[in-house]
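Some notes on the structure that comes next.
The values are calculated or read from the model by the stated rules, or taken from the named source; none is laboratory data. In this text the structure is predicted, and so the values were computed from the model without any measurement. All Cβ positions, even for glycine, are placed from backbone atoms using ideal geometry, and neighbour counts span all protein chains on display. To get the accessible areas, we keep the full protein, side chains included, count just its heavy atoms, and leave off ligands, DNA and RNA. Shrake-Rupley method; radii C 1.70, N 1.55, O 1.52, S 1.80 Å.
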Amino acid sequence: MRKLILAAASVAVLAMVAPAAAQQPIVIKFSHVTAPNTPKGLAADKFKELAEKYTEGKVKVEVYPNSQLYKDKEELDALQLGAVQMLAPSISKFGPAGVKEFEVFDLPYILPDIAALRKVTNGPVGAKLFKLLDAKGMTGLAYWDNGFKIMSANKKLIAPDDYKGLKFRIQSSKVLDAQFRSLGAIPQVMAFSEVYQALQTGVVDGQENTPSNMYTQKMHEVQKYTTVTNHGYIGYAVIVNKKFWDGVPAELRTQLDKAMAEATEYGNSQSQKENDEALEEMKKSGKTEIITLTAEQNAAMRKAMAPVYDEVGNRVGKALIEEFLKESGGGPAK
Ligand code: LMR
């Protein structure tokens, strides 16, 4: 795959040189893994629309959804090599690219709600995390929401014990690995585009995701039970290849920043609705039973996952976790 990405990257470099001479538009290839009708898909399409409008066609944005170009890990390689210019990977996928601090967002129950999330991403923690991207050849432009995660399996998941021995697909985050191990489950890293089939064929027993991701990938059709746990959050860091971005003429970059700010506001205003509707559609389909936990059942889950904070302290950074907790007001069960 790396060979293919490198080949695409050299074509991209040629394409970057050519436009100046021929007065052709600058092309931003924006690759992502979810469906167009998801929070990320909607925001990406809005950015395309506004970027092309504000730059009067001097910038062209090509959006490639649904892992059409690259899967999870490949897309980060592709961005760093310059084969694509823009991505919005889930924050839980930056560990393999060498920015493991982003995994702080994956700590169970660290974010009580979206207001807390916004405080973190708009504050010093959000800025500090973006700064870490520089050294990896990437520039962070915005934080986009998806929403809170729910659990699913072919078995009813109510008490922590119900997770014991089951295999769960996870994104490539060591914090998520620790989270499922704290429940006695067996985590398995897998690309998003492979989850449906893995659930269908029994390669894994269950998974965690947002309702919009579950529904648009049809996961609910192959999972008998879905439990609304809201134990964690999925959101995105919109990133660009730093070299490419620094090379965009300043006046165009100002227009692109404006387009990004508006697309972010739009996407983040739609995400809750997208997730609520997806959960409703899943319910209506009758294919998966939606389970809601009582306050006591929720508390038991929270308690079971509490040890994760200490386990990953050294990896993610104890000071960062403390700083995050201060802003978010969430945290492990006391
Ligand atoms: C996942 O891999 O489950 C999600 O991060 C996919 C996405 O980009 O929302």
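What to note about this one:
- Of ASN37, ASN314, ASN213, the one that fluctuates the most in a GNM where the chain has Cα springs shorter than 10 Å: ASN314
- Within the shell defined by Cβ-Cβ distances under 13 Å, the residues around ALA127 carry a net charge of -1, with Lys and Arg each +1 and Asp and Glu each -1.
- Exposure check, 1.4 Å probe, all protein chains in place: ARG181 carries approximately 130 Å² of accessible surface.
- Here each label is just a point 7 Å from Cα along the line to Cβ, and for GLU322 and GLU289 those points are 4.6 nm apart.
- Inter-label distance, nm, simple model (7 Å from Cα along the C-beta direction), ASP161/VAL228: 2.6
- Listed by number, the DSSP H helices of the chain that run 24 Å or longer by alpha-carbon position along their axis and have mean Kyte hydropathy of at least -1.0 are 2-22.
- By average C-beta atoms within 10 angstrom, highest first, the peptides 196-209, 219-232, 101-114: 101-114, 219-232, 196-209
- Virtual paramagnetic centre 7 Å along Cα→Cβ of GLU56, amide N under 18 Å, in region 256-274: 256-259
- Just the protein heavy atoms count here, and of the accessible area of region 80-190 at 1.4 Å, carbon and sulfur take up 55 percent.
- The modelled label-to-label distance between ILE186 and ASN314, using points 7 Å beyond Cα along the C-beta direction, is 2.6 nm.
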